[in-house]
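The values are calculated or read from the model by the stated rules, or taken from the named source; none is laboratory data. Keep in mind that what you see is a predicted model, and the values were worked out from it rather than measured. Every residue, glycine as well, gets a Cβ built from its backbone with ideal geometry; the counts of neighbours run over all protein chains shown. We work out accessible area using only protein heavy atoms, side chains counted, and drop any ligands, DNA or RNA first. Shrake-Rupley method; radii C 1.70, N 1.55, O 1.52, S 1.80 Å.
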Amino acid sequence: MWRMAAAISGILTFVTAIAGNVLAQSPQTQTLDQRLTQAASENRYRLEYIDGAFSGPAWEILLREARKAQFFLLGEEHGIAENPKLAAALFRELTSSGYSKVAIEISPPIAAQLDRVLREDGLEGLRDLYATPGGEPAFFGMKEEAEFISAVRDAVKDKSPVLWGADYEVSGDRQLIAMLEAKRKPDDAETALAALRQASNQSWVKYFETGGPQFIFSFAGDPELVRAVKEAWPRRDDHASWVLDTLEETLEINKLWVTGNSWASNERRGAFLRSNFLRHWRAEQKKENAPKVLAKFGASHLVRGRNNTETYDLGALLPELAEIHGGEAFSVLVLPGAGAMTAVLNPTDFSYAPAPAKDGYARGIEAITTAAYGDAFTLIDLRPLRPMLGSAARDASADMKRIVHGFDMMLMMSGSTASTELVHPKPDPASLLDRAQ
């Protein structure tokens, strides 16, 4: 035994000596931020964007990683014109690798409506839909975003739905109610639905008269009105149930928000996003091959683990779901870089205007973003940085740890431009005003 102990002691002494030499050679004078910047610079790749086409080392890396994945996640700061163009170009290339679904940040019923309109009439059909009150969903009134969903719809040639909505619905309650009105239902359900329609109309009248976002029905409506329709319509089809669930959850989530319970609102929204995605996924499980899915959402929805609102969202679900089914998820954080502009929503009239890029998601990770090229888009592999941000990295901010461990790569779009509005006839509120009298 003493011989074994002596041998182990000798090995430990040898290992300690080696470690000491390594430490002596390491850049002890560098701060954690400096080491992160150096590592980011050593793991960065150029993404060229010339004449509407993407190329370069980063393009090939994105395609390679996406082809291996079951879920390819693009977590973005909204309003960057070039990001939906990138997403569309990637999806077109990835259809040959099994990608056939795109998950987006609107409700399932409205996504299905957009899918059908695009399949039948393309972008012109979308413009016609947007000309009706409530026809334009959040984000997809931006020209580049509308072109993105049109491009992915065109890339899949069969008639099966491509767009998977997974969120609640900010402005589409009038469209959702119209879907329910078109269905046969008991008389009591007709009466309850008429009350819901009247409340929606009256709320939107106040919005049109004042421009006050607080009168948007999804923030002002009473979820009890939706529950009354549910109770009066017990034997409804699955589509009606999903529409009613969307209306009810939207009103409940935003009711929490407007009463100051922001964490509870975000927690409930995250749960709804996860349940909606699983609803799509389980339906696909009945088929022979599960689809590969590109998901494009605001970054907080797709970060792995606990997100920016201290809740759990799709980013917590999808990597685990992929592994359960023998696959993997690959995630990219997309941010505007130096000199970039983004489109910002004006909620008083649902218009978009260019503004200097916000630093919300980039705040606290300047040690990484400073490694971006100034004259090109820059893809930075975050995975080699993770060992620096283990439990011993007490100097690192929570934001830095969340981003590096929560995304596999980060794309900085230096010099990117703001999204623009899709030109379409503006809806005439007069018909709604007359109806609400």
note = Log10 I(q)/I(0) at q = 0.15, 0.17 Å⁻¹ for segment 209-368, from Debye over equal alpha-carbon scatterers, is -1.11, -1.28
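Tell me, what is the per residue accessible area of the chain in Å², probe radius 1.4 Å?
For the chain, the solvent-accessible area averages 45 Å² per residue.
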Gained length - GLU328 relative to ARG279, 0.36 nm times residue gap less alpha-carbon distance = 15.7 nm
inquiry  = How long are the semi-axes of the equivalent ellipsoid of the chain, taking √(5λ) for every eigenvalue λ of the Cα gyration tensor, in whole Å from largest down?
reply    = 45, 24, 22
note = Taking 78-85, 46-53, 337-344 and ranking on average Cβ neighbours within 10 Å, highest first, one gets 78-85, 337-344, 46-53
ask   = Of the accessible area of the chain, with the probe set at 1.4 angstrom, what percent is carbon plus sulfur?
value = 53
ask   = What list of ³J(HN,Hα) values in whole Hz, one per residue of segment 384-398 in order, does the Karplus curve 6.51 cos²θ - 1.76 cosθ + 1.60 (θ = phi - 60°) give from phi, with Gly and Pro shown as x?
value = x, 7, 4, x, 6, 10, x, 5, 7, 7, 6, 7, 7, 6, 4
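Give the residue list of trypsin sites (Lys or Arg not before Pro) in segment 239-306 that are DSSP loop and have at most 15 other beta-carbon atoms within 10 angstrom.
Counting only loop positions with at most 15 other Cβ atoms within 10 Å, the trypsin sites (Lys or Arg not before Pro) in segment 239-306 are LYS286, LYS287.
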For the chain: relative contact order, % (alpha-carbon pairs under 8 angstrom, 6 or more apart) = 26
task = Between ARG92 and THR259, take the C-beta separation as r, use R0 = 56 Å, and let me know the FRET efficiency to the nearest 0.05.
result = 0.80
message = Whole-Hz ³J(HN,Hα) for each residue in segment 139-146, computed from phi via Karplus 6.51 cos²θ - 1.76 cosθ + 1.60 with θ = phi - 60°, x for glycine and proline: what do you get?
response = 6, 8, x, 6, 4, 5, 6, 5
request  = Work out, in µm²/s and without decimals, the Stokes-Einstein translational diffusion coefficient of segment 149-196 at 37 °C, 0.692 mPa s, Rh from Kirkwood over C-alpha pairs.
outcome  = 243
request  = For ILE106, enumerate residues with amide H under 5 Å from its amide H, sequence gap 5+ or separate chain, H modeled in the peptide plane.
outcome  = ALA166, ASP167
ask   = In cubic angstrom, how much convex hull volume per residue do the alpha carbon atoms of segment 109-188 span?
value = 110
inquiry  = Using amide H atoms built in the peptide plane, which far-off residues or other-chain residues are under 5 Å from GLU328 H to H?
reply    = GLN70, PHE71
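Viscosity 1.002 mPa s, temperature 20 °C: give me the Stokes-Einstein translational D for segment 333-390 in µm²/s, with Rh taken as the Kirkwood radius over C-alpha pairs.
D, rounded to a whole number, is 158 µm²/s.
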query = For the pair LYS358 and ASP222, what calculated FRET efficiency results from E = 1/(1 + (r/R0)^6), where r is the Cβ-Cβ distance and R0 = 25 Å, to the nearest 0.05?
reply = 0.15
task = Among THR420, ALA271, TYR352, flag the residue with its Cα farthest along the positive direction of the charge dipole of the chain, charges on Cβ as +1 for Lys/Arg and -1 for Asp/Glu.
result = ALA271
task = List the chymotrypsin sites (Phe, Trp or Tyr not before Pro) within segment 50-138 that fall in a DSSP loop (any state other than H, G, I, E or B) and whose Cβ has at most 12 other Cβ atoms within 10 Å.
result = none
ask   = Of GLY75, GLY212, GLY406, which is the most mobile in a GNM of the chain whose springs link Cα atoms less than 10 angstrom apart?
value = GLY212
message = Using all alpha carbons of segment 210-256, what is the percent of pairwise distances in each 5 Å bin, ordered from the shortest bin to the longest?
response = 5, 22, 27, 20, 14, 8, 3, 1
note = Distance in Å, no decimals, from the C-alpha centre of segment 145-163 to the one of segment 239-260 is 27
query = At a Förster distance of 35 Å, what's the computed FRET efficiency of LYS286 paired with ASP121, Cβ-Cβ distance as r, to 0.05?
reply = 0.75
task = Against the globular-protein guess of 2.2 N^0.38 Å, express the Cα radius of gyration of segment 38-154 as a ratio, rounded to two decimals.
result = 1.17
query = For segment 175-290, rounded, prolate or oblate, judged on the Cα gyration tensor with a ≥ b ≥ c (square roots of eigenvalues), a/c < 1.5 rounded, else prolate if a/b > b/c?
reply = oblate
task = Run the dipole for the chain about the Cα centre, Lys and Arg Cβ at +1, Asp and Glu Cβ at -1, nothing else charged, and hand back the magnitude in debye, nearest 20.
result = 1260
